[in-house]
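The values are calculated or read from the model by the stated rules, or taken from the named source; none is laboratory data. Note that the structure is predicted; figures quoted are calculated from it, not measured. As a convention, Cβ positions derive from the backbone with ideal geometry for all residues, glycine included, and neighbour counts pool all protein chains shown.
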């Protein structure tokens, strides 16, 4: 069952990914704790997998790069913190 993510939870998720890289021991537990709101390790892993799929689709040109309000840069992917 997929859980919904609020804008604030996504922001916490993005920030946690920037802090806890792939070499961090217990990365997913730390990311889940940083997101809070009862998000489980499995939920943050699924969210990461969805992020990877979205990035691949954007990079391959399957879907257009999102345009963010207040950004004049067409290559702005900084909202994911990667």
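Considering only segment 16-26, I want to know if a residue exists there that is exposed (fewer than 14 other Cβ atoms within 10 Å of the Cβ), at pLDDT 85 or above and within 22 Å of residue 4 (Cα to Cα).
Checked against the condition, which is being exposed (fewer than 14 other Cβ atoms within 10 Å of the Cβ), at pLDDT 85 or above and within 22 Å of residue 4 (Cα to Cα), segment 16-26 yields at least one hit.
Out of segment 9-28, which residues are more than 18 Å from residue 46 (Cβ to Cβ) and out of contact with any helix residue (DSSP H, G or I) (no Cβ under 8 Å at 6 or more places or on another chain)?
Those that are more than 18 Å from residue 46 (Cβ to Cβ) and out of contact with any helix residue (DSSP H, G or I) (no Cβ under 8 Å at 6 or more places or on another chain): 18, 23, 25.
Output the number of residues of segment 67-82 satisfying the condition of being surrounded by 10 or more Cβ atoms within 10 Å (Cβ to Cβ) and at pLDDT 70 or above. Spell out how you get there, then give the answer.
Taking segment 67-82 first, the residues surrounded by 10 or more Cβ atoms within 10 Å (Cβ to Cβ) are 67-68, 71, 73, 76-82.
Pick out the ones that are also at pLDDT 70 or above and you get 67-68.
Within segment 67-82, residues that are surrounded by 10 or more Cβ atoms within 10 Å (Cβ to Cβ) and at pLDDT 70 or above number 2.
Give segment 32-51 a look and list any residue that's within 13 Å of the chain's Cα centre (by Cα), without any contact (Cβ under 8 Å) to a residue 40 or more places away in the chain and either outside any helix (DSSP H, G or I) or closer than 17 Å to residue 11 by Cβ (or both), or say none. Walk me through it before giving the result.
First, pick out the residues of segment 32-51 that are within 13 Å of the chain's Cα centre (by Cα): 32, 34-35, 43-51.
After this cut, where a residue has to be without any contact (Cβ under 8 Å) to a residue 40 or more places away in the chain as well, the list is 32, 34-35, 44-45, 48-51.
Within segment 32-51, 32, 34, 35, 44, 48, 50, 51 meet the criteria.
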